[in-house]
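Input: a single structure, listed below in structure tokens.
Every number in this text was worked out from the coordinates using simple rules, so none of it is lab data. These numbers come from a predicted model, not from an experiment. Cβ coordinates were reconstructed from backbone atoms using ideal geometry, including for glycine residues, and neighbour counts include every protein chain displayed.
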Amino acid sequence: MSHVSSTSEPMLQVRFVTQLDERWRVTDAPIQLPTRLTRAGLSEVINHLLETETARPFDFLINGELLRGSVGKALVRHELSGETVVTLEYVDCVPPPHPEPSCAHRDWVAALAAHPSGGRLLLSACYDHAAYVWNGLGQQAAVLVGHTAPVKGVAWLAAGSGGHGGGSLLRAATASKDRTVRTWSIQPGENNGVAWCEAALVGHTSSVEGLAASPAGDHLCSGSWDGTLHVWSVGEPPVATEAAPPTKRSKGGGASTSPPAELTPTTTLSGHQGCVGALCWPTAQLIYSGSWDGTVREWQVDVGSPSA
């Protein structure tokens, strides 16, 4: 056991304990070890005591905290004395995370939203002026093209009707530095699905920095550099857009061939003195907003004034 030294280097008494199966347990009698040992050295000690043919990595807990660094440094951090027996619990070493397929973008990614169904669909906002739908394999399932500036926020909306075979459509919203919010209907596909813009939501006078959907997915709240919040009703796509047959919508990237309908906000919430960049809509009637003015505000949606 190469890590055990007979020199005058600092030593301490260690007792090993574990909750692993009996076959992975070693003696709980105190063992004298150098304080310089780290996780790797302590694993070597355990494997030596177990007389295993194949080395098995372990992690170690001292006072319930994972050991990172030497035992000696951990003693100092936990204010433990090296003159007493120190108990170390060893557990299975958790392997490093296995990278899942990545979703490569051509520019900065500004925001993400996971689909509430838990079906491993991800919506991303990109500085290349587009938003993307990704499936659980990291494959691009649809592209949302129509903004003329970087996309800063994304949100999922309640599903709509009108899909192929009478099925439901995915619906989403995007916010951009072009001062607009757009709503979209999406039919994801393995080789890029069909996506088209339902409506352009106009009313902000500066970049739209934050976006949040209501719990029911039928309303949106947007926050902007202009210091305001807008609330929008997006329960159903505009009739003209919804009625357009899928074969007439551009595939693999986008916007419909005709200009989208324009919607105006149902409510404007004013009070912040700076950019509104963070939004949360946890219940039907409450919205929280965070601003560069250093405040978080709570809004009663039906009243339109801050309650705190």
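What the table shows:
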| quantity | calculated |
| --- | --- |
| 20 Å cut-off, amide nitrogen to a point 7 angstrom out along residue 76 Cα→Cβ, residues in the stretch 15-53 | 33-42 |
| Cα-based Kirkwood hydrodynamic radius, the chain, one decimal, Å | 23.3 Å |
| J(HN,Hα) series, the stretch 138-146, from Karplus relation 6.51 cos²θ - 1.76 cosθ + 1.60, nearest Hz, glycine and proline x | x, 8, 6, 9, 5, 10, 10, 10, x |
| Ranking of 177, 152 by count of other Cβ atoms within 10 Å, fewest first | 177, 152 |
| Most to least packed among 287-293, 139-145 [average Cβ atoms within 10 Å] | 139-145, 287-293 |
| Helix axis angle, 39-50 relative to the chain longest principal axis, alpha carbon, degrees | 50 degrees |
| Normalised alpha carbon radius of gyration of the stretch 88-147 [divisor 2.2 N^0.38 Å] | 1.53 |
| Over the stretch 10-143: Kirkwood hydrodynamic radius from C-alpha pairwise inverse distances, Å | 18.4 Å |
| Euclidean distance of C-alpha centroids, the stretch 55-116 and the stretch 280-301, integer Å | 35 Å |
| Potential extension, residue 36-residue 52 segment - 0.36 nm per residue separation minus Cα distance | 3.4 nm |
